[in-house]
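Structure record follows, encoded as C-alpha cells.
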Amino acid sequence: MDSEAISNRVLAGLLSEIGMPMTPEQSIETFMGRSWKTVIAYADERGGLPDGFRRRYLDAMFAAFEQDLRPVPGVAEAIDAISLPNCVASSASVEKMRFTLGHTGLWDRFEGRIFSATEVEHGKPAPDLFLHAAATMGWAPAECAVVEDSPAGVEAGVSAGMTVFGYAGTTPAERLDGARVFTDMAELPGLLQPS
C-alpha cells in the first residue's frame with residue numbers, strides 16, 4: 001500500500017506544530033522508506049521531540065489510514081500470482097504494519113514473515129533489515145529479490161547484494177536508481193518469475 005503520502009502528511013503537520021516547519025513533500029523527501037530513528041535524529045538536531053509525540057503521531061496516522069489508506073492497485077493479485085517464498089521487510093514498526101497490512105487485507109498473506117527495522121541496528125538505506133530477513137528465511141542475499149518504492153529501500157537492497165525491483169507508482173523512476181523499474185503491479189509476477 002502507499003502509506004507514505006498519508007503518514008508524511010500527518011508527520012509534517014505535527015512537526016510544523018512543534019516549530020519544525022515542514023511540508024508533506026519535504027517530509028517524504030526526508031523520511032520516506034526510513035525508520036523512526038531518522039525522525040528522532042532529525043528532531044534532535046532541532047531541539048528534540050516533546051514527550052508523547054510518537055504516540056500522538058501514531059494515533060493521528062492510524063486515524064488518517066482508517067479513512068484514506070488503500071492497497072496499491074493490483075498488489076493482492078500480484079502477490080497471489082507469485083509462487084516464490086516471500087516476506088515483508090519494512091522500515092515501519094510491527095504496530096504500524098499490523099494496522100496497514102490488516103486494514104488493506106494483506107496481513108494474513110505475510111503473517112509470520114514480517115520483519116521490521118526495529119529488529120536491526122541500522123534501518124534503510126543500510127542493508128541490515130534485508131540481510132536479517134534473508135537470513136531468517138534461510139536464503140543467501142544473492143538469491144533474493146527486493147521490491148521497493150523508496151530510494152532508501154533501493155539503496156538498502158543494492159547494498160545487500162540483492163536484485164532490486166523499483167515500483168514507480170508514486171516515486172519518480174529516476175529516484176529508484178539501481179533498481180529495475182516497473183510501474184504496474186501486474187508486471188511484478190513476470191519480473192520475479194520469468195518464463
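The values are calculated or read from the model by the stated rules, or taken from the named source; none is laboratory data. This one's a predicted model, so the numbers in the text were calculated from it and none came from an experiment. With ideal geometry, Cβ positions are generated from the backbone for all residues, glycine too; neighbour counts draw on all protein chains shown. Quick note on the areas: whole protein, heavy atoms, side chains included, nothing else; ligands and nucleic acids left out. Shrake-Rupley method; radii C 1.70, N 1.55, O 1.52, S 1.80 Å.
Each residue in the range 110-120 was checked for being closer than 20 Å to Ser150 by Cα and either open to solvent by 70 Å² or more (accessible area, probe 1.4 Å) or not in a loop (DSSP other than H, G, I, E, B) (or both), and 6 pass.
Scan the range 21-38 and give yes if some residue there is of a type in the set (A, V, I, L, M, F, W, C), farther than 19 Å from Lys124 by Cα and surrounded by 14 or more Cβ atoms within 10 Å (Cβ to Cβ), otherwise no. Yes, that holds for at least one residue. Of all the residues in the range 87-101, those that are in contact (Cβ under 8 Å) with a residue 24 or more places away in the chain and among the charged types (D, E, K, R) number 2. Here Gly123 clears all of (1) open to solvent by 30 Å² or more (accessible area, probe 1.4 Å); (2) touching a residue at least 60 places away in the same chain (Cβ under 8 Å) except the condition numbered (1).
Pairs are defined by a Cβ separation below 8 Å, a sequence spacing of at least 6 or placement on different chains, a first member in the range 54-80 that is within 24 Å of Ala41 (Cβ to Cβ), and a second member that is at pLDDT 95 or above and surrounded by fewer than 16 Cβ atoms within 10 Å (Cβ to Cβ); no pair meets this definition. In the range 100-109, the residue that is farthest from Ile82 (Cα to Cα) out of those that are open to solvent by less than 20 Å² (accessible area, probe 1.4 Å) and in a helix (DSSP H, G or I) is Thr100.
Count of the range 184-195 residues, restricted to those that are in a loop (DSSP other than H, G, I, E, B) and either surrounded by 14 or more Cβ atoms within 10 Å (Cβ to Cβ) or touching a residue at least 12 places away in the same chain (Cβ under 8 Å) (or both), is 2.
Just name the residue that is surrounded by the fewest Cβ atoms within 10 Å (Cβ to Cβ) out of those in the range 84-99 that are in a loop (DSSP other than H, G, I, E, B) and within 9 Å of the chain's Cα centre (by Cα). First the steps, then the outcome.
Initially, the range 84-99 is screened for residues in a loop (DSSP other than H, G, I, E, B), giving 84-87, 91-93.
Now restrict to residues that are within 9 Å of the chain's Cα centre (by Cα): 91-92.
Working: Ser91: 25, Ala92: 22.
Result: Ala92.
In the range 33-58, which residues are within 19 Å of the chain's Cα centre (by Cα) and part of a helix (DSSP H, G or I)? It would help to see each step written out before you state the result.
If we filter the range 33-58 for residues that are within 19 Å of the chain's Cα centre (by Cα), which is where we start, we get 33-42, 54, 57-58.
Hits for the range 33-58 are Trp36, Lys37, Thr38, Val39, Ile40, Ala41, Tyr42, Arg54, Tyr57, Leu58.
Any residue in the range 59-72 that is under 21 Å from Val154 (Cβ atoms) and either in contact with a Pro (Cβ under 7 Å, 6 or more places away or on another chain) or of a type in the set (A, V, I, L, M) (or both)? The answer is yes, given that some residue of the range 59-72 is under 21 Å from Val154 (Cβ atoms) and either in contact with a Pro (Cβ under 7 Å, 6 or more places away or on another chain) or of a type in the set (A, V, I, L, M) (or both). Scan (1) of a type outside the set (Phe, Trp, Tyr); (2) within 18 Å of Met162 (Cα to Cα); (3) at pLDDT below 95 for the single condition Asp128 breaks and write down its number. Condition (3) is where Asp128 drops out.
Within the range 133-183, the set of residues being assigned to a loop (DSSP other than H, G, I, E, B), β-branched (Val, Ile, Thr) and surrounded by 15 or more Cβ atoms within 10 Å (Cβ to Cβ) comprises Thr171 only.
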